[in-house]
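Read-outs: derived from the displayed coordinates by stated rules, not from any lab. Keep in mind that this is a model prediction, so the values were computed, not measured. No Cβ is skipped: glycine too gets one built from the backbone with ideal geometry, and neighbour counts run over all protein chains shown.
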Amino acid sequence: MRSARPKVLHAIAGRTLLAHVLETLAEFGASSTAVVVGSQDAVAAEVRRVAPAASCFVQERRRGTAHAVLAAKPAIAMGFDDIIVVFGDSPLLRPAALARLRMPLAAGAAVAVAAFRPTDPTGYGRLIVQSDELVAIREEVDASESEKAIGLCNGGIMALSGRTALAILERIDNRNRKGEYYLTEAVEVARSMALGTVAVEVEEEDVRGINTKKELAEAEAIAQQRLRKAALEAGVTMIAPETVFLAADTSFGKDVVIEPYVVFGEKVSVDDGAVIHSFSHLAGAQIGKGASVGPFARLRPGTRLGEGVRIGNFVEVKEATVEAGAKANHLSYIGDASVGAEANIGAGTITCNYDGTGKHRTEIGKKAFIGSNSALVAPVAIGDGAYIGSGSVITSDVPAEALALGRGRQVVKEGWANRLRALKSLGKRKAHSRD
């Protein structure tokens, strides 16, 4: 990946590759999950964040895929009905593929291997099948010309019967060029034990691994297509779906409208009838019924918009609650704040929430009117129904129904402009005379 970040911690659709796989296992209904990690503490931390009940096992030395699986030997030995081996860099895997892979085990097979048919099989291991039995997995470097012509390829994911999984894995040897233990050898080991082995075809997307930034971008495109399709089928109106980017956990109510060029980060929910206008960016936000956001709005984590709220162009909201009917139509920043129902935030208003060392809150009451170009210096509270005069800097609390002005008094000097121009003109004439 040409990155200091562990491969499985790269993200698509706002979620790490590893998190996608763990979420799929949870959705599939796996009764227990064991994750084999290397020495990266960050990977184990991600496992704990996404799947706290999962067990982590460390592979101290990289000696092949079967060696990695056996690092989780204590979990395998617990006597589960089935063991399914998946990879942390396959974020497009879906529960249906796992269910399909598991079915032959119920019919008596000991090993089931996920198979797919790529347009170009070059580089993939080929699956050699005879009379519906999987005979072997042949790596391309070891394949004959006739075997290279096989279009059925190894998807990597494998299911093993819990009754025989450990016995098969422990018989895999490392008699190969690299001296490593390969999971693919499980097929021939199982056959040597007179156990059934089968190939189960799945879609290529389900077993697509990520090894480069190009493949990461391709996986992002597939994930977005899936998410957009699901949103449209759920009744969301997207005027130009191909321009909208969703997170894996984005949720929508009924009759939501999303205009072109909107980006959703993680943890965004949009309630019934809300409209998200073009060029808006949302993350960690809850959008209430009938709310209007954008265009060119930014909602940051901790934003909670009530019913009918209007957040207009070039408005940023962060860690703030905006109650029903309130509006900030343009050019404002609302951070670490509470805005009461039906309050009006004038253009150019900002909450000055950071003093260089800490964040402080601004409380704006119901039906308060904040005049344009005002600065509210937190911590400060504006009472219900209060008015703030345009251009004010407010540093003290304002009682309910009061008017607060915090600006310099205007001074008008009649005829001043004419006198200034005359003085400038005189100065120019003197300069010319010296020349």
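Key figures
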read-out: Sequence-separation-based contact order of the stretch 7-207, relative, with Cα cut under 8 Å and 6+ spacing, percent; value: 25 percent
read-out: The stretch 1-42: Rg to Rh, with Rh as the Kirkwood radius over Cα pairs; value: 1.01
read-out: Calculated from backbone phi, Karplus (6.51, -1.76, 1.60) coupling profile of the stretch 87-98 in Hz, x at Gly/Pro; value: 10, x, 10, 10, x, 8, 4, 10, x, 4, 5, 5
read-out: Top of VAL412, VAL207, VAL244 by mean-square fluctuation, Gaussian network on the chain, Cα under 10 Å; value: VAL412
read-out: Lys, Arg +1 and Asp, Glu -1 on Cβ, resulting dipole of the stretch 54-137 about Cα centre, debye, nearest 20; value: 200 debye
read-out: Separation of the ASP384 and VAL141 label points, Cα + 7 Å toward Cβ, nm; value: 7.6 nm
read-out: Size of electric dipole in the stretch 1-77: Cβ of Lys, Arg +1 and of Asp, Glu -1, about Cα centre, debye, nearest 20; value: 320 debye
read-out: Highest average packing first - 292-304, 231-243, Cβ atoms within 10 Å; value: 292-304, 231-243
read-out: Separation in nanometres of the label points that stand 7 Å from Cα toward Cβ, at ALA240 and GLU60; value: 5.7 nm
read-out: Estimated translational D of the chain in µm²/s (Stokes, Kirkwood radius over Cα pairs; 4 °C; 1.567 mPa s); value: 49 µm²/s
read-out: Antiparallel %, DSSP beta bridges [both residues in the chain], to 5; value: 20 percent
read-out: Only Lys, Arg (+1) and Asp, Glu (-1) charged, at Cβ; the chain dipole about Cα centre in debye; value: 2560 debye
read-out: Rounded to 5, the percent of DSSP beta bridges in the stretch 7-207 classed as antiparallel; value: 65 percent
read-out: Fully extended contour minus Cα-Cα distance, from ARG2 to ASP397, at 0.36 nm per residue; value: 136.9 nm
read-out: Most mobile of GLY288, GLY308, GLY408 in a GNM of the chain (Cα contacts under 10 Å); value: GLY408
read-out: Amide H contacts of THR33 (H built 1.01 Å from N, under 5 Å, at least 5 apart or other chain); value: SER55
read-out: Under Karplus coefficients 6.51, -1.76 and 1.60, residue-wise ³J(HN,Hα) of the stretch 244-255 in Hz, glycine/proline x; value: 9, 10, 10, 9, 4, 10, 5, 10, 10, x, 8, 6
read-out: Spatial separation of Cα centroids for the stretch 195-229 and the stretch 314-369, in angstrom; value: 43 Å
read-out: Anchor LYS214: aspartates and glutamates whose Cα lies under 18 Å away (excluding residues fewer than 8 positions away in-chain); value: ASP89, ASP120, GLU204, GLU205, ASP206
read-out: Note, ³J(HN,Hα) from phi for the stretch 377-394, Karplus 6.51, -1.76, 1.60, rounded to Hz, x at Gly and Pro; value: 8, 6, x, 7, 10, 10, x, 4, x, 6, 10, 10, x, 4, x, 8, 10, 9
read-out: Candidates SER192, SER390, SER332: whichever shows maximal mean-square fluctuation once the chain is modelled as a Gaussian network with Cα springs under 10 Å; value: SER192
read-out: ARG102/ALA77 FRET efficiency (R0 25 Å; Cβ-Cβ; nearest 0.05); value: 0.80
read-out: Extension gain (nm, one decimal) between THR119 and ARG171, 0.36 nm per residue minus Cα-Cα; value: 15.3 nm
read-out: Neighbourhood net charge (11 Å Cβ-Cβ; Lys/Arg +1, Asp/Glu -1) for ILE168; value: 0
read-out: Given charges at Cβ of Lys, Arg, Asp, Glu: the stretch 146-282 dipole, positive-most of GLY162, VAL207, PHE264; value: GLY162
read-out: Residues whose placed amide H lies under 5 Å from that of ALA115, excluding near-sequence neighbours; value: GLY155, VAL200, GLU201, VAL202
read-out: Relative contact order of the chain, pairs being alpha-carbon contacts under 8 Å that are 6 or more residues apart, as %; value: 8 percent
read-out: Order by protection proxy (mean Cβ within 10 Å, highest first), peptides 270-281, 358-369; value: 270-281, 358-369
read-out: Amide H contacts of ILE382 (H built 1.01 Å from N, under 5 Å, at least 5 apart or other chain); value: GLU363, ILE364, GLY365, VAL398
